[in-house]
1. Somewhere in segment A:69-79, is a residue more than 10 Å from the chain's Cα centre (by Cα) and under 20 Å from A:Asn102 (Cβ atoms)?
2. If you go through segment B:9-27 one residue at a time, do you hit one that is surrounded by fewer than 22 Cβ atoms within 10 Å (Cβ to Cβ) and closer than 18 Å to A:Ile104 by Cα?
3. crowded, with 20+ Cβ neighbours inside 10 Å, in contact (Cβ under 8 Å) with a residue 60 or more places away in the chain, out of contact with any Ser or Thr (no Cβ under 6 Å at 6 or more places or on another chain) and closer than 23 Å to A:Val2 by Cα: is that true of B:Gln89 in this structure?
4. Does A:Arg67 meet the test of being surrounded by 20 or more Cβ atoms within 10 Å (Cβ to Cβ) and either among the charged types (D, E, K, R) or over 24 Å from A:Asn31 (Cβ atoms) (or both)?
5. Where the second residue is charged (D, E, K, R) and part of a loop (DSSP other than H, G, I, E, B) and the first is in contact (Cβ under 8 Å) with a residue 60 or more places away in the chain and lies in segment A:12-35, which pairs have Cβ atoms under 9 Å and are six or more apart or on separate chains?
6. How do the strands (runs of 3 or more DSSP E) wholly within segment A:32-121 filter down when requiring 3 or more residues that are modelled with pLDDT of 95 or more and either in contact with a Cys (Cβ under 7 Å, 6 or more places away or on another chain) or at the interface with another protein chain (Cβ under 10 Å from one of its Cβ atoms) (or both): which remain?
7. Just one of (1) modelled with pLDDT under 95; (2) more than 8 Å from chain A (Cβ to nearest Cβ); (3) surrounded by 19 or more Cβ atoms within 10 Å (Cβ to Cβ) trips up B:Ala97, so point out which.
8. Only one of these is part of a loop (DSSP other than H, G, I, E, B) and on the phi < 0 side of the Ramachandran plot: B:Gln27, B:Gln37. Name it.
Amino acid sequence: QVQLVESGGGVVQPGRSLRLSCAASGFTFRNFGMHWVRQAPGKGLEWVAVISDDGSTTYFADSVEGRFTISRDNSQNTVYLQMNSLRTEDTAVYYCTKENQNHIGYYFDYWGQGNLVTVSS
Amino acid sequence: EIVLTQFPATLSLSLGERATLSCRASQSVRRQLAWYQQKPGQPPRLLIYDASNRATGIPARFSGSGSGTDFTLTISSLEPGDFGIYYCQHRDTWPPAGTFGPGTKVNIK
């Protein structure tokens with residue numbers, strides 16, 4: 001069965017960096033785009049970043065553009081989110097999610113359990 | 001940039017009642033719309049994709065409809081496990097950003 005397991009979260013001071021990992025299994029990882037979505041405490045879902053199946057294309061939300069990078073290692077079935085210059089407003093549970101697509105559109109069919117990142121001094 | 005609006009913000013209904021949740025896009029998204037259910041402490045779960053297709057394992061009481069800018073998620077007869085927050089979502093070809101609506105909270109009376 002499909003599994004997405006995030007790791008790397010924790011407490012970090014403003015201005016510092018953190019890298020999240022998401023280990024995937026149960027599907028052919030190299031064939032699918034992957035996204036990161038976050039949820040601040042008590043708030044809704046906010047899309048963060050996407051990476052294409054081969055890693056050649058990435059795109060970011062305006063709120064993290066220039067501070068976050070996304071990458072993947074298809075040999076290790078893992079996607080990463082490198083978060084630099086962290087701000088208190090980046091505090092959230094971060095989910096990695098698998099993208100699926102068909103002739104109509106795209107959707108997120110599997111999600112990890114989430115990883116809490118707290119940015120605080 | 002496409003903006004998704006959901007209404008109502010909160011819905012309080014009794015078990016067995018019909019729930020109707022709405023999602024409106026700021027411009028046409030054709031049928032590229034998905035619905036997710038999220039319960040406290042859990043990740044979102046895909047319910048509906050392509051506006052009207054139920055995801056694997058989703059009960060038939062959940063149905064989606066609409067195209068263009070106006071979409072509806074209907075729960076035909078509410079069960080205790082249906083409480084939670086429901087989000088609509090769109091992801092276009094380009095830019096490949098995944099936009100979410102603000103959510104509708106469903107409370108069971």
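1. No, that holds for no residue.
2. Initially, segment B:9-27 is screened for residues surrounded by fewer than 22 Cβ atoms within 10 Å (Cβ to Cβ), giving B:9-20, B:22, B:24, B:26-27.
Of the ones still in play, those that are also closer than 18 Å to A:Ile104 by Cα are B:27.
Scanning segment B:9-27, I find at least one residue that is surrounded by fewer than 22 Cβ atoms within 10 Å (Cβ to Cβ) and closer than 18 Å to A:Ile104 by Cα, so the answer is yes.
3. Considered against the rule, which asks whether it is crowded, with 20+ Cβ neighbours inside 10 Å, in contact (Cβ under 8 Å) with a residue 60 or more places away in the chain, out of contact with any Ser or Thr (no Cβ under 6 Å at 6 or more places or on another chain) and closer than 23 Å to A:Val2 by Cα, B:Gln89 comes out as yes.
4. Considered against the rule, which asks whether it is surrounded by 20 or more Cβ atoms within 10 Å (Cβ to Cβ) and either among the charged types (D, E, K, R) or over 24 Å from A:Asn31 (Cβ atoms) (or both), A:Arg67 comes out as no.
5. A:Pro14/A:Arg87; A:Gly15/A:Arg87; A:Phe32/A:Asp53; A:Gly33/A:Asp53; A:Met34/A:Asp53
6. Details: elements: A:34-39, A:45-51, A:58-60, A:68-73, A:78-83, A:92-101, A:106-111, A:115-119.
In segment A:32-121, A:34-39, A:45-51, A:58-60, A:92-101, A:106-111 are the strands (runs of 3 or more DSSP E) which contain 3 or more residues that are modelled with pLDDT of 95 or more and either in contact with a Cys (Cβ under 7 Å, 6 or more places away or on another chain) or at the interface with another protein chain (Cβ under 10 Å from one of its Cβ atoms) (or both).
7. Failed condition: (2).
8. That would be B:Gln27, the only listed residue that is part of a loop (DSSP other than H, G, I, E, B) and on the phi < 0 side of the Ramachandran plot.
The values are calculated or read from the model by the stated rules, or taken from the named source; none is laboratory data. What you see is a predicted model, and the numbers here were worked out from it, not measured in a lab. Glycine gets a Cβ as well: all are built from the backbone with ideal geometry, and neighbour counts include every protein chain shown.
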